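Peer 1: Input: one structure, supplied below.
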Protein chains: 2
Amino acid sequence: MENRNVTVEQLKDLIHHKNVQELRRMFNDYNIVDMSELVDQLDMNEALFIFKTLKKNVTSEIFSYLPHDKQEDLIQSFTGPEIQEMLDNLYSDDIVDFMEEMPANIVKRVLQNIKPARRAEINKLLNYREDSCGSIMNTNYITLKRNETVLQSIERLRRLKNIDRALGYAYITDTKRELIGSISLKQLLYLNDDDKIEDTMDTDLVYVHTNDEQEKAAQLVQKYDISTIPVINDEGKLAGAITYDDIIDVIHEEATEDIHKMSGVQPTDEPYLETGVLSMYKHRIVWLLVLMIGATFTGNILMIFEEKLSTVAYLTVFVPMLMDAAGNAGNQSSTMITRALALGELKINDIFKVWFKEFRVAILCGVTMGVVNFFRVLIFMGMVDIETSIVISVTVMCTVMVAKLIGCTLPMIAVKLGFDPAVMAGPLITTLVDVVALLIYLGLASFFLL
Amino acid sequence: MENRNVTVEQLKDLIHHKNVQELRRMFNDYNIVDMSELVDQLDMNEALFIFKTLKKNVTSEIFSYLPHDKQEDLIQSFTGPEIQEMLDNLYSDDIVDFMEEMPANIVKRVLQNIKPARRAEINKLLNYREDSCGSIMNTNYITLKRNETVLQSIERLRRLKNIDRALGYAYITDTKRELIGSISLKQLLYLNDDDKIEDTMDTDLVYVHTNDEQEKAAQLVQKYDISTIPVINDEGKLAGAITYDDIIDVIHEEATEDIHKMSGVQPTDEPYLETGVLSMYKHRIVWLLVLMIGATFTGNILMIFEEKLSTVAYLTVFVPMLMDAAGNAGNQSSTMITRALALGELKINDIFKVWFKEFRVAILCGVTMGVVNFFRVLIFMGMVDIETSIVISVTVMCTVMVAKLIGCTLPMIAVKLGFDPAVMAGPLITTLVDVVALLIYLGLASFFLL
């Protein structure tokens, strides 16, 4: 990475001296991702100079790496023909990517300045449900003919332009554009010039449909170790292909979504610093309110028993600890199950195996917690009498066990009912096990102490 | 996926009839990942029949897709020469992958039956720290010579065997085996036969070192949209390459690790069903105990104030709700910050931007929660008097705000101190904000009510 040392000052200097030759050399020699980061730091006039002097295939690639607000500013400064030229050099999935984030006036401006054939294609892509395979596929895939030789195919490839460098496979379709085979482009290097494509192509195909969840594409790519997965439309025809770089983005997105849901935040795929305060507020307040209203149950239970509880010294003091222990124990189980479900390590019919495993873990954790709690109270909270201390320890033991069983069951039930298990993990479980912990405590305390 | 319908019964039938020809055809035509899943369902004798009759390059690939316990059983049933033949056909990263999970006697058996040159290589790979780039790289990379033509390079490629199909790039090194360039294999298709490699290779290289964290490789692959990243050893020489399929595994692993840490589970990369009960117990009990001991603080605070609190009716009833609200609010912030840090969306010097943003979100959430709580108490808990209800609402407001600020600050501090922010998110924050919530409540209650 010796070359990764062009500074934004050097770049600004070249722009102000209008040193076009050196600028072209620089953008040619250095990595386009790094150069895009520098362009992002330029002011609008400097950036426009870059976009007006460099070749369109270079500026289009830079454009695709810029953040959305910069893209918006640029589109507003471009003339109609400039927009058209830029879009000609962009892959359709990159265009759709940025169109999805733009305000309506920009989307309109872009669609006005796009070639009619392209416009139809982009419109179609924009209409696929967000997070569907159709919305992330690239329509610039490569097709080969089944009756051609390897040499003929290579010659055809050399005439193609604007091919995504992430595309690792070519696809073979029949006369109805139905997918019948695939061949890795690299494979072509190893074959003999006069081998027939149909004799060497892979016919045991892995594919997704345009309406499938993007997660499915990610799972298949991972399972079958392929770099590109073809996408089939409703009529069974080849519609596009999803490449490993988009799959990596999907995997990150899905993990972020699950993490957010698990901590009671409605998921967003906007980067943290680019998300507005109001949008953040909206994504968080719903669950905070739901959970606070949910706490009315525990509050009312405590209220009813308050007088009774106050007859034994220090009984209410342990309520927060019991609730936290139950919440933590439940969360551990629900999180592990939810993640295992997301990774495909667990299926819904593994539920008996899960119960048996969690049951044994729950006993071990529950007993340990109960015993340690007994000594904790003895050592740190000396004024509590032994009898109370035993009841509290037994309560810890029972609530931890019950919380673990609830924690592992709820996500599985969610999947069975078609809900997202990640919503079950986290805050919802905490609220539920809070109530359970309290009921166990009051039950045991009433029986033995009150 | 029309062909995805061979059943395990059909396979068993062919084995019992010793129909080798049909078996060979089947394993050749159908996807090897699917066939491996079927092999996993065979009993040991049936599986051994497959391994003894099919070609070694096929069985090696099947072996690499089997779960670890099946691999272990197979190695134990193989003769020495059989092990050697199998290993010859496996990529080094796959061998290391399975060796890392095997008990010592199996590792010894494998190392005894491996060719000496290969043994040295495997031993070296086994010595790289877990989760380092060295431990996941493939050493079967492809090198080309700078002064060769494209045609000469293609001819050289055709003579190579056992090349990982995920490998998308060839690398060019100088006489000291130092990396000087890279070229995508697909690119070779598009070049003219007599183009010189050194004129067309990419010299602005992206690479990692053997000791770098595997996470770094994942970040670079994602940033630069490359399918393969080269790995350089301590002496600056090319040592291997990491392919996109391993990167996808790393991304899943890192997300799982963070999710586990956030819910107070020590991370494990073993699949849920393959993890033993004792190991699960160990991974969970530590945090459960730490957090229970931590609850001694809240317990003691409540104990000291118990008598005072009991002078106003229903005051202790709201403690669990306050703690939960604070915990949820703090968790939301800490989770969002931790994830944004993990994705590289946030840097440590963004802390002022984070504070300013969270501060405004905290005010909005805090005020909403306070107001809603006032009406919640009024409607659902009528016996609480207005004065108490106002104090509780102000407490909710303040604790939610403070919890959010603690939640966003702790992960950033963790990064600054070189700790993992994921450990800060989740249970640790819950315990801390519990104490804070209690202190705010007691402070406000003492001032206005007691």
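Peer 1: Would you tell me the mean number of C-beta atoms belonging to other protein chains that fall within 10 Å of each C-beta in A:425-437, as a whole number? Please report the intermediate quantities before stating the final value.
Peer 2: On the way: counts 2, 6, 5, 0, 0, 5, 2, 0, 0, 4, 1, 0, 1.
Per residue, the number of nearby Cβ atoms from other chains is 2 on average.
Peer 1: Also: Could you please state, rounded to a whole Å, how far the C-alpha centre of region B:199-225 is from the C-alpha centre of region A:238-310?
Peer 2: Rounded to whole Å, the Cα centres lie 34 Å apart.
Peer 1: Hey, can you find the accessible area per residue of region A:143-262 for me, probe 1.4 Å, expressed in square angstrom?
Peer 2: 40
Peer 1: Let me ask you something else. Would you work out which of A:L302, A:G407, A:G418 lies farthest towards the positive end of the dipole of region A:272-448, given +1 charges on the beta-carbon of Lys and Arg and -1 on that of Asp and Glu, about the Cα centre?
Peer 2: Positive-most Cα among the choices belongs to A:G418.
Peer 1: Leaving out ligands, DNA and RNA, and with a 1.4 Å probe, what % of the accessible surface on chain B is carbon or sulfur? Write out the running numbers ahead of the final one.
Peer 2: Working: 10480 of 19040 Å².
Taking all protein chains in place, chain B shows 55 percent carbon and sulfur surface.
Peer 1: Determine the gain in length on full extension of the stretch A:K237-A:D174; use 0.36 nm per residue of separation and subtract their C-alpha separation, reporting nm with one decimal. Write down the numbers at each step before the final one.
Peer 2: On the way: separation 63, 0.36 × 63 = 22.68 nm, distance 0.96 nm.
So the chain would gain 21.7 nm between A:K237 and A:D174.
Peer 1: Over all distinct Cα pairs, what is the inverse of the mean 1/r for region B:8-128, reported as the Kirkwood hydrodynamic radius in Å? Working shown, then result.
Peer 2: Details: mean 1/r = 0.0675 Å⁻¹.
About 14.8 Å for region B:8-128.
Peer 1: Using the alpha-carbon centroid of each, what span in Å lies between region B:350-367 and region A:68-99?
Peer 2: So the two Cα centres are separated by 33 Å.
Peer 1: Pop the C-beta distance of B:N19 and A:H209 into the FRET formula with R0 = 30 Å and round what comes out to the nearest 0.05.
Peer 2: Calculated transfer efficiency: 0.25.
Peer 1: What angle, in degrees between 0 and 90 and rounded to the nearest 10, separates the Cα long axis of helix B:68-77 from the longest principal axis of the Cα atoms of chain B?
Peer 2: Roughly 30 degrees, rounded to the nearest 10.
Peer 1: Find how many whole Å separate the alpha carbon centroid of region B:332-348 from the alpha carbon centroid of region B:387-450.
Peer 2: 19
Peer 1: Can I ask one more? Please give the net charge around B:D174, taking every other residue with its beta carbon less than 11 angstrom from that of B:D174, where Lys and Arg add +1 and Asp and Glu add -1.
Peer 2: Result for the local shell: +3.
Peer 1: Taking the label point 7 Å from Cα in the Cβ direction, how far apart in nm is A:V286 from each other copy of itself, listed shortest first?
Peer 2: 3.6
Peer 1: Which of A:I197, A:A218, A:F448 sits farthest toward the positive end of the charge dipole of chain A, with +1 on the Cβ of Lys and Arg and -1 on the Cβ of Asp and Glu?
Peer 2: Positive-end residue among those listed: A:F448.
Peer 1: Please enumerate, by chain and number, the aspartates and glutamates with C-alpha under 20 Å from the C-alpha of B:K108, excluding those fewer than 8 residues away in the same chain.
Peer 2: In chain and number order, the partners are B:D69, B:E72, B:D73, B:E82, B:E85, B:D88, B:D93, B:D94, B:D97, B:E100, B:E121, B:E130.
Peer 1: Please work out the FRET efficiency for the pair A:S310 and A:F359, using the Cβ-Cβ distance as r and a Förster radius of 30 Å; give the result to the nearest 0.05.
Peer 2: On the way: r = 36 Å, r/R0 = 1.20.
That pair, A:S310 with A:F359, gives E of 0.25.
Peer 1: Take B:D195 and B:M102, extend 7 Å from each Cα along the Cα→Cβ direction, and tell me the distance between the two endpoints in nm.
Peer 2: The answer from the label model is 4.3 nm.
Peer 1: Chains A and B: what accessible area do they bury, summed, in square angstrom to the nearest 100, with a 1.4 Å probe?
Peer 2: Summing both sides, the interface buries roughly 11600 Å².
Peer 1: Whole percent per 5 Å bin, from 0 to the bin with the longest distance: what is P(r) over all C-alpha pairs of region A:345-398?
Peer 2: That works out to 4, 20, 20, 14, 11, 9, 8, 6, 5, 2, in percent per bin.
Peer 1: Report the charge-dipole magnitude of chain B in Debye, nearest 20, computed about the Cα centre from +1 at each Lys and Arg Cβ and -1 at each Asp and Glu Cβ.
Peer 2: Taking the Cα centre of chain B as origin, the dipole is about 540 debye.
Peer 1: Pick out which of A:E274, A:E101, A:E257 has the largest mean-square fluctuation in a Gaussian network model of chain A, springs linking Cα atoms closer than 10 Å.
Peer 2: Greatest mean-square fluctuation among the candidates belongs to A:E274.
Peer 1: For the protein assembly as shown, build the charge dipole from Cβ charges (+1 Lys, Arg; -1 Asp, Glu) around the Cα centre, then report which of B:T268, B:T7, B:H252 sits farthest towards its positive end.
Peer 2: B:T268
Peer 1: Give me the percent of Cα-Cα pairs in region A:91-142 that sit more than 17 Å apart, rounded to a whole number.
Peer 2: That tail contains 28 percent of the Cα-Cα pairs.
Peer 1: With each run of n ≥ 4 DSSP H residues scored as -39500 (n - 2.57), what mean residue ellipticity at 222 nm is computed for chain A after dividing by its residue count and rounding to the nearest 500 deg cm²/dmol?
Peer 2: Helices in chain A give a 222 nm mean residue ellipticity of -21000 deg cm²/dmol.
Peer 1: Only four residue types carry charge here, +1 at the Cβ of Lys and Arg and -1 at the Cβ of Asp and Glu. Report the dipole size of region A:272-448 about the Cα centre in Debye, rounded to the nearest 20.
Peer 2: Here the size comes out at about 480 debye.
Peer 1: Please identify, among B:M424, B:M381, B:M102, the residue showing maximal mean-square fluctuation in a Gaussian network model of chain B using a 10 angstrom Cα cutoff.
Peer 2: Ranking B:M424, B:M381, B:M102 by mean-square fluctuation puts B:M381 first.
Peer 1: Rounded to a whole number of µm²/s, how large is the Stokes-Einstein D of region B:295-411 at 4 °C and 1.567 mPa s, given Rh as the Kirkwood radius over C-alpha pairs?
Peer 2: 83
Peer 1: Ratio of Rg to Rh for the protein assembly as shown, alpha carbon only, Kirkwood?
Peer 2: That ratio is 1.01, to two decimals.
Peer 1: Hey, got the dipole for region A:143-262? About the Cα centre, +1 on K and R Cβ, -1 on D and E Cβ, debye to the nearest 20?
Peer 2: It works out to roughly 560 debye.
Peer 1: In nm, one decimal, shortest first: how far is the label point of A:E37 (7 Å from Cα along Cα to beta carbon) from the matching points in the other copies?
Peer 2: Computed spacing set for this position: 4.0 nm.
Peer 1: Still on this structure, I have one more. Mind checking the angle between helix A:20-29 and chain A's longest principal axis? C-alpha axes, 0 to 90 degrees, to the nearest 10.
Peer 2: 60
Peer 1: So, one more: As a quick test, which of the pairs A:K56/A:K115; B:K56/B:K124; A:K18/B:K196 have an alpha carbon distance above 27 angstrom in this structure?
Peer 2: Working: A:K56/A:K115 16 Å; B:K56/B:K124 25 Å; A:K18/B:K196 33 Å.
Pairs exceeding the cut-off: A:K18/B:K196.
Peer 1: Using only the Cα atoms, work out Rg/Rh for chain B, with Rh taken as the Kirkwood radius, to two decimals.
Peer 2: The Rg/Rh ratio comes out at 1.12.
Peer 1: Right, something else. In nanometres, what is the gap between the two model label sites at B:E274 and A:E37, each 7 Å from Cα along Cα-to-Cβ?
Peer 2: Using points 7 Å along Cα→Cβ, the separation is 3.6 nm.
Peer 1: Here is a further query. Could you give the angle, 0 to 90 degrees to the nearest 10, between helix A:150-159's Cα long axis and the longest principal axis of the Cα atoms of chain A?
Peer 2: Result, in degrees: 90.
Peer 1: Put a point 7 Å out from Cα along the line to Cβ at B:K115; what are the distances to that point in the other copies, in nm, shortest first?
Peer 2: Result, one decimal in nm: 5.3.
Peer 1: Once all Cα-Cα distances of region A:217-308 are split into 10 Å bins that start at 0, what whole-number percent is in each one?
Peer 2: Per 10 Å bin, starting at 0, the Cα pair percentages come out as 13, 25, 22, 20, 11, 6, 3, 0.
Peer 1: Only sites in a loop by DSSP and with at most 14 other Cβ atoms within 10 Å count here; which trypsin sites (Lys or Arg not before Pro) in region A:66-136 make the cut?
Peer 2: A:R129
The values are calculated or read from the model by the stated rules, or taken from the named source; none is laboratory data. Only a predicted model underlies this, so the values are computations on that prediction, with no experimental measurement involved. Note: ideal-geometry Cβ built from the backbone for every residue, glycine included; neighbour counts use all protein chains shown. The area values use the complete protein model at the heavy-atom level, side chains included, leaving out ligands, DNA and RNA. Shrake-Rupley method; radii C 1.70, N 1.55, O 1.52, S 1.80 Å.
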